[in-house]
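S.K.: Encoded as structure tokens, here's the structure I'll be asking about.
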């Protein structure tokens, strides 16, 4: 295809109202994000109803700003891309309804995008040379998956969490040691002040599924440690707890990812999702890849958060494959990766 494809992408799966203009899947002309973190921090986590209402308030303004920053109008847009799952159903519906309205009024093709596939596609934006096949570790508040990216939009899940996602564990431990929401960045920051070998927290091994993860036992071990210290009237070094917990999570992620890459003979590894911005994970995975002669890719922190640019990248490759959605496109809160 010789013609440039310019995509207006919309993302409202959780608590960021985002829109971007992306050309040919890899060039970002604008990327606007309106975050609700400050609002939800008051409640210790995302409140779905509040998130949905905020999306309604912000979405038109965010889209207008994205178009203006890209110096384009709707007449220049070839495709509307929108996240339709997974996520909070009310939040998703705001973005899907907006995308369908623009598509219908402007007669622009509509492409629904899987949110997690968007996170994977964020790597294409800053790494122009990256092409499938490669192994991707997807780590976020709701997902921890090991996926072989066989081709654009073609995925094989070889590992997943059996219980808590990595990001979910970060949030729960952060709350337990009094750091509040959002947990991931706060644990990462505090861990830099602690000793990661101070406390021997467990790493789960699943005998019949070597690439699967489990963080529930680790979370319980942290809570038990805190309760034990309280009962014994011992002072808790929060930095040591944060560092030791983070080390246990990172260990599990790195060990299983490297084992999968070797077993499947893949020499390219990518990180995706909110936890992909964790500094300890990036460092440990970089070291492991260097030792094994593998190439590591990960997006800048701004592209690890929920954003429209990654949805535009994923929408481009879906559009090239012939994916089109009609006005019957609906939000699918439990959409699985690879489903259409």
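S.K.: Checking the structure you have, find out if any residue of segment 28-42 is surrounded by fewer than 15 Cβ atoms within 10 Å (Cβ to Cβ), more than 26 Å from residue 128 (Cβ to Cβ) and more than 22 Å from the chain's Cα centre (by Cα).
M.R.: Yes, segment 28-42 contains a residue that is surrounded by fewer than 15 Cβ atoms within 10 Å (Cβ to Cβ), more than 26 Å from residue 128 (Cβ to Cβ) and more than 22 Å from the chain's Cα centre (by Cα).
S.K.: Looking at residue 116, is it in contact (Cβ under 8 Å) with a residue 12 or more places away in the chain and either surrounded by fewer than 24 Cβ atoms within 10 Å (Cβ to Cβ) or not in a helix (DSSP H, G or I) (or both)? Even if it seems obvious, please write down each step before you answer.
M.R.: Values: in contact (Cβ under 8 Å) with a residue 12 or more places away in the chain: yes; either surrounded by fewer than 24 Cβ atoms within 10 Å (Cβ to Cβ) or not in a helix (DSSP H, G or I) (or both): no.
For residue 116, the condition - in contact (Cβ under 8 Å) with a residue 12 or more places away in the chain and either surrounded by fewer than 24 Cβ atoms within 10 Å (Cβ to Cβ) or not in a helix (DSSP H, G or I) (or both) - is not met.
S.K.: Just to be sure, is residue 158 assigned by TED's automatic domain parsing to the domain that holds residue 280, at pLDDT below 95 and more than 28 Å from residue 41 (Cα to Cα)?
M.R.: Values: assigned by TED's automatic domain parsing to the domain that holds residue 280: yes; at pLDDT below 95: no; more than 28 Å from residue 41 (Cα to Cα): yes.
Judged against the criteria, residue 158 is not a match.
S.K.: Also: Of the residues in segment 182-202, how many are surrounded by 18 or more Cβ atoms within 10 Å (Cβ to Cβ) and either at positive phi or in a loop (DSSP other than H, G, I, E, B) (or both)?
M.R.: The total comes to 5.
S.K.: State all residues of segment 120-142 that are crowded, with 24+ Cβ neighbours inside 10 Å and in a loop (DSSP other than H, G, I, E, B); if no residue qualifies, say none.
M.R.: 140
S.K.: Checking the conditions here, which among 101, 38, 51, 105 is without any contact (Cβ under 8 Å) to a residue 12 or more places away in the chain, over 22 Å from residue 322 (Cα atoms) and assigned to a helix (DSSP H, G or I)?
M.R.: Going through 101, 38, 51, 105 in turn, just one is without any contact (Cβ under 8 Å) to a residue 12 or more places away in the chain, over 22 Å from residue 322 (Cα atoms) and assigned to a helix (DSSP H, G or I): 38.
S.K.: Of the residues 307, 334, 278, which is farther than 21 Å from residue 126 by Cα and touching a residue at least 60 places away in the same chain (Cβ under 8 Å)? Walk me through how you get there before you give the answer.
M.R.: Values: 307 fails: farther than 21 Å from residue 126 by Cα; 278 fails: farther than 21 Å from residue 126 by Cα.
Exactly one of 307, 334, 278 is farther than 21 Å from residue 126 by Cα and touching a residue at least 60 places away in the same chain (Cβ under 8 Å), namely 334.
S.K.: Turning to a different aspect of this structure: Could you please let me know if residue 80 is in contact (Cβ under 8 Å) with a residue 60 or more places away in the chain, part of a strand (DSSP E or B) and surrounded by 23 or more Cβ atoms within 10 Å (Cβ to Cβ)?
M.R.: Values: in contact (Cβ under 8 Å) with a residue 60 or more places away in the chain: yes; part of a strand (DSSP E or B): yes; surrounded by 23 or more Cβ atoms within 10 Å (Cβ to Cβ): yes.
Yes; evaluated as a whole, the condition is true for this residue.
S.K.: Another question, then. Do we have any residue at all in segment 147-155 that's touching a strand residue (DSSP E or B) at 6+ places or on another chain (Cβ under 7 Å), in contact (Cβ under 8 Å) with a residue 60 or more places away in the chain, over 20 Å from residue 285 (Cα atoms) and assigned to a strand (DSSP E or B)?
M.R.: yes
S.K.: Hey, another quick one. Restricting segment 281-304 to residues that are surrounded by 20 or more Cβ atoms within 10 Å (Cβ to Cβ) and over 21 Å from residue 262 (Cβ atoms), which is farthest from the chain's Cα centre (by Cα)?
M.R.: Top of the filtered list is 299.
S.K.: Right, here's the next one. What tally of residues in segment 320-331 results from selecting those that are out of contact with any helix residue (DSSP H, G or I) (no Cβ under 8 Å at 6 or more places or on another chain), touching a residue at least 60 places away in the same chain (Cβ under 8 Å) and in a loop (DSSP other than H, G, I, E, B)?
M.R.: First, the residues of segment 320-331 that are out of contact with any helix residue (DSSP H, G or I) (no Cβ under 8 Å at 6 or more places or on another chain): 320-326, 328.
With touching a residue at least 60 places away in the same chain (Cβ under 8 Å) added as a condition, the list becomes 320-321, 323-326.
Retained after the next criterion (residues that are in a loop (DSSP other than H, G, I, E, B)): 321, 323-324, 326.
Count: 4.
S.K.: Also, I was wondering about something else. Here is a check on your reading of the model: is residue 59 under 21 Å from the mean Cα position of the chain (by Cα), part of a helix (DSSP H, G or I) and closer than 18 Å to residue 27 by Cβ? Let's see the steps before the verdict.
M.R.: Working: under 21 Å from the mean Cα position of the chain (by Cα): yes; part of a helix (DSSP H, G or I): yes; closer than 18 Å to residue 27 by Cβ: no.
No; evaluated as a whole, the condition is false for this residue.
S.K.: Filter segment 238-270 down to the residues that are in contact (Cβ under 8 Å) with a residue 60 or more places away in the chain and over 28 Å from residue 223 (Cα atoms), then identify the one that is surrounded by the most Cβ atoms within 10 Å (Cβ to Cβ).
M.R.: Checked segment 238-270; the qualifying residue surrounded by the most Cβ atoms within 10 Å (Cβ to Cβ) is 270.
S.K.: Here's something else I'd like to know. Answer with yes or no whether residue 205 is assigned by TED's automatic domain parsing to the domain that holds residue 285, free of Cβ contacts under 8 Å to residues at least 24 places away in the same chain and surrounded by fewer than 18 Cβ atoms within 10 Å (Cβ to Cβ).
M.R.: Numbers: assigned by TED's automatic domain parsing to the domain that holds residue 285: yes; free of Cβ contacts under 8 Å to residues at least 24 places away in the same chain: yes; surrounded by fewer than 18 Cβ atoms within 10 Å (Cβ to Cβ): yes.
Here the answer is yes, as residue 205 does meet what is asked.
The values are calculated or read from the model by the stated rules, or taken from the named source; none is laboratory data. Model, not experiment: these values are computed from the prediction. Here Cβ is always computed from backbone atoms with ideal geometry, including for glycine, and neighbour counts include all displayed protein chains.
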